[in-house]
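The values are calculated or read from the model by the stated rules, or taken from the named source; none is laboratory data. Owing to the predicted nature of the structure, the values given are computational and were not obtained by experimental measurement. Neighbour counts run over all protein chains shown; Cβ positions are idealised from the backbone, glycine included. When the accessible area is computed, the model is the full protein with side chains, heavy atoms only, and any ligands, DNA or RNA have been set aside. Shrake-Rupley method; radii C 1.70, N 1.55, O 1.52, S 1.80 Å.
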Amino acid sequence: MTPGSITARITDYANRADPYPLYAELRKTPVLREDDGTYLVSTYYEVRGLANDPRLSNDTRNRPPGYARVGQPAEESGLPPGFIFTDPPVHDRLRDTINRPFGPPHSPRFLDGLRGELAKVVTELLDAFEGKDQVDIVEDFSYPLPVTAICKVLGVPREDEPRFHGWADALASAIDPQADGDDGREKAQRARQDLGAYLSDLIETRRRRPGPGMLSALAPDMTPADLEATAVLLLVAGHETTVNAITNTTLILLRHPDLLDRFREEPGLAVPLIEEVLRYEPPVQFVPWTTALADIDIAGTTIPKGSPVWLMLAAANRDPKRFDDPDRFDPGREDNEHLGFHTGIHYCFGAPLARMELHVAVPELFRRVTFSGLLEDPPPYRANAVLRGPRHLPVALEGLTA
């Protein structure tokens, strides 16, 4: 990307706290070609149409030489791509296999069976606020809950979190176009190798002595390499985005005290409120790893075969042609078919788990905790432009109820 290009401005940390004016500028040209040949698609119907178009590939190995393969480390990691970086029929085969122990129709009670355990974790995290006059919502609440959840889902020991935390951070950074330099690629490659080796040992243990969780359930049905790549992907993606979603919900409510008062009085508001958060502040801002497999005519523009394409989900979620007054946070919004979890065959695999975590965590957080306010606004954000969210959210506490 060239200095001054809109992609450079979107990925510039100086704009991380509020990229939405840039997205509004971008929507003036629904399909924009950058000087390096990358196409940015930013309006709702065009993003949704391309996300459902089989001529758009998620497999970055389809990119011509010279283009960055954003989204996964180099093949030298020794693992096949995670399933979100594949196309049919490989994608469909893997996703169908992975879904069997995760949800309907094969395992309809799996996630609901975790609800009580997650509620207990929420209680323990909030109990730890006792006696404190300030906390960091990220470090003290919105990070430990999703990590615990994905460990339970997979069957990964929660006490191993210090081992895989750094690897997960490096791999999450790899999907950010800013991290395309040699150092970033090498760091992500080493992280994928190290995390893969850790999970390979755990998978082999689960093959010999099955236990609870998806690793044990999937071991008989997947090759070692595919299961290892899947486990790496799910462990990282299974908590990174939910951390952002919980933190963004907290930030929005503390910025809207009237809405917070209403939320405390109307518990039924939780469902539409969380969906509006996913529209207004989606945890994944854009998808920068897709490639045109053929010439694609869209919105008066032809995207040539082989071109990198960015699907700008957060920009599409504020498209005034789809949502009335889109820059207003409105939990009463009707027909809120947002793209916060993407759409099409690559719709977020973990969306049911993420929604459950949000519905368990957010109402209880605001039921039990009385906040004095934000200590920093805007808070410090993560460097990652794709997985955009506060790195810390320091808040002042007034009280805690049982």
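Remark: the stretch 168-266 carries a charge dipole of roughly 400 debye about the Cα centre, counting +1 on each Lys and Arg Cβ and -1 on each Asp and Glu Cβ.
Calculated [222 nm] ellipticity per residue, helices only, for the chain: -13500 deg cm²/dmol; basis is -39500 (n - 2.57) per DSSP H run with n ≥ 4, divided by all residues, nearest 500.
Fully extended, how many nm does the chain gain between GLU364 and ASP160 (0.36 nm per residue separation, minus their Cα-Cα distance)? Walk me through the numbers on the way to the answer.
Numbers: separation 204, 0.36 × 204 = 73.44 nm, distance 2.70 nm.
The GLU364-ASP160 span can extend by a further 70.7 nm.
Seen from PHE323, the other residues with C-beta closer than 11 Å to its C-beta sum to a net charge of -3, counting Lys and Arg as +1 and Asp and Glu as -1.
Taken per residue, the accessible surface of the chain reaches 42 Å², heavy atoms only and a 1.4 Å probe. For the chain, a simple Cβ point-charge model (Lys and Arg +1, Asp and Glu -1, everything else neutral) yields a dipole of about 840 debye relative to the Cα centre.
Using alpha-carbon pairs under 8 Å, 6+ residues apart, how would you state the relative contact order of the stretch 223-376 in percent?
Working: 155 pairs, mean separation 40.3, N = 154.
Relative contact order here is 26 percent.
Under 11 Å from a point 7 Å along the Cα-to-Cβ line of ASP325: which residues of the stretch 236-271 have their amide N that close? Under 11 Å, as judged by backbone N against the label point of ASP325, lies no residue of the stretch 236-271. Between the residues PRO30, PHE85, PRO272, the greatest Cα displacement towards the positive end of the dipole of the chain, with unit charges on the Cβ of Lys, Arg, Asp and Glu, is found for PHE85. Straight-line cross-link reach from LYS120 at under 29 Å between alpha-carbon atoms covers these lysines, not counting any fewer than eight positions away in the same chain: LYS132, LYS152.
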